[in-house]
1. Just rank Thr19, Thr168, fewest to most, by other beta-carbon atoms within 10 angstrom.
2. Using the eigenvalues of the Cα gyration tensor, what equivalent ellipsoid semi-axes result for segment 40-130 when each is taken as the square root of five times the eigenvalue, whole Å, largest first?
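No value in this document is a laboratory result; all are computed from the given coordinates. Model, not experiment: these values are computed from the prediction. For neighbour counting, all protein chains shown are included, and Cβ atoms are generated from backbone atoms with ideal geometry for every residue, glycine included.
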Amino acid sequence: MGAIRTIGIALSFVALCMTVYCLATPHWAISVQNNNGIQTGVQKSLGLWKYCEKAVNADNGHCQKLSQFGIAALAQYGIIGFRVLVIIGLICAIIGFVAGTASSDAINIAPTKIAKVQAAGGAAGLLSIAGIMILAATSWAAHMIIKRWKDFQMHQGSISINAGTQWTLGAAIYVGWCASAIFIGVAIIMFMGCCSGSGDEEDEEREQFHPGYATSNYSAPSQKSPDYV
């Protein structure tokens, strides 16, 4: 179980990096270049913090912050909610990764086995919450992009996103789904390690406080030596 837990810690770090990518990338939604037979020359992408445009054949584009739209406009399309869920998931993932690392036998952060078992249990709970938060954010965003962003339109400052742009799912949605699956899988691994570790700890405590119980005459009556008169 120790080796499996170590693999789980490594996978949780990978999922943690994927969550950071989801939070920072502008590729939650991207525009469809061929919209009803009309070929567009500009590719648009939208993330949690930035809106970007670039020519189809260009290497670089320009991005602007979504703060220029205002909170009301962002909340209307769910972007504020996506941010909150991903940030909560990232915080839980960071703490869960630290707790999972503390539960490992390879690193002596937790001084006793009881502390390691408790750390594994905490990591299981936090990573499961992280997986649920990321799954909720990306699934909600996918629903909004597919069903409700056909009339996506915001104008403020120098940014203009016109209604009628056809949007599709960006890389962040798929990366988030993968990260949530990894978090939930690692949480199950940590939970199994927590249960098995608690059983081992009980056996050690029983042997510590009753060292002769396993070999005493009272532990196996059928094996007692006969009494001769």
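1. Fewest-to-most Cβ neighbours within 10 Å comes out as Thr168, Thr19.
2. 42, 17, 9
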